[in-house]
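Reading through the structure tokens given below for one structure.
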Amino acid sequence: MPDRATLASERFILYSKTSYVIGLIEEYFRSEKMALPVAMELGSVEAIKELVKLGLGVSILAPWAMRKELEEGSLIAVSLGKRRLRRQWGILVRKGHRLSLAHETFLGLCKTVTEGFGNDIALAKRGT
């Protein structure tokens, strides 16, 4: 985990303030009694990754959102610390609605695909 001084000196490039995940990130920093120094907010994860690759800042992203970049080494993931950030995923269905075979199949596919996601969120930095 980067130390507090290092984190405080970074320029954070984050996803839109209205997103659920940003709320989790802000709460994480508040609970650690740290300010989150946001330099920029964007509505595109792809744009965020490109700015981080250019060395214009760091971001906090789910590892599955940057899997390709991690594999190619253009970004690296750094743990935020011992305490992990977790988010929950859900699918809403109308109360009393019986699921069709198509719905059941869709739910099964969602479960299969998301099993490999993990729920951790990591600090993304430019690769070496």
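For the chain, averaging the sequence separation of C-alpha pairs within contact (under 8 Å, six or more residues apart) and dividing by the residue count gives a relative contact order of 33 percent. Cα centroids of the stretch 87-115 and the stretch 1-37: 32 Å apart. Once both labels are positioned 7 Å from their Cα atoms along Cα-to-Cβ, the gap between residue 94 and residue 68 label points is 3.7 nm.
Extending 7 Å from Cα along the Cβ direction at residue 5 and again at residue 114 yields two label points whose distance is 4.2 nm.
Within the straight-line cut-off of under 29 Å between alpha carbons, the lysines reachable from residue 53 are 17, 33, 68, 82, 125, sequence neighbours fewer than 8 places apart in one chain being disregarded. For the chain, the share of DSSP beta bridges that are antiparallel, to the nearest 5, is 60%.
Bear in mind these aren't lab numbers, they're just calculated from the coordinates by the rules spelled out. Keep in mind that this is a model prediction, so the values were computed, not measured. Quick reminder, even Gly has a Cβ in these numbers, built from the backbone with ideal geometry, and neighbours come from all protein chains shown.
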